[in-house]
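Worksheet for the structure shown next.
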Amino acid sequence: MAKSRQVPKTAKRRLAILGPIAIFLIGYCIFTVVTTTTSLYSLHNENQKLTNKLENLKSKANNLKTEITKLQDKDYVARYARENYLYTKDGEYVIKVDDTKKTKNQTKKVNETQKYIYYGCIGVIVLIILFIIIKHHQSKKKKNKKSRK
């Protein structure tokens, strides 16, 4: 029989006092690291979004500057008014074609199809997980029956 080494009472007291303090400090450090990491991650995402927004605004500003220079031309203004505001020259007729309904219906169909594919994939994954759990449970039962015999 091996001798068990006895721990002095002072060491036990020291461990009883310093153990919870050490555990609290380690927990606090882990909590601080996790919260700092999540805040840095969110700030990084916000920085990317704002950078993208700034780039979009710069491109819009450039487009507006070119539009201003184009609007100085009288021929461009006349063509722009005919295209966007349905103005006509003498002897011209305006035929308006509305194709927004087609594009809306097509995007709805695509969104519905994507939704069904998504739900189908989730269903298959759930079924696979259930199958694995059931097989694992059955194999445990077989092992228990073999060990009992």
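Values in this text are rule-based calculations from the coordinates and carry no lab data. Note that the coordinates shown come from a computational prediction; the quantities given were computed from them, not determined experimentally. Positions of Cβ are generated from backbone atoms using ideal geometry, with glycine treated the same way; all protein chains shown enter the neighbour counts.
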Pairs over 32 Å Cα to Cα, from 58/96; 65/96; 70/109; 58/89; 65/109; 53/115, come to 58/96; 70/109; 58/89; 65/109
With runs of 4+ DSSP H residues as the only contributors, calculate the mean residue ellipticity of the chain at 222 nm using -39,500 (n - 2.57) per run, divided by the residue total and rounded to the nearest 500.
-> -30500 deg cm²/dmol
Net charge of Cβ neighbours under 15 Å - reference residue 116; Lys, Arg +1; Asp, Glu -1 | +2
Simple spin-label estimate for residue 75 and residue 39 in nanometres, 7 Å along Cα-Cβ | 6.1 nm
Could you give the spread of the C-alpha atoms of the chain along their three principal axes, from largest to smallest, in whole angstroms?
-> 115, 50, 17
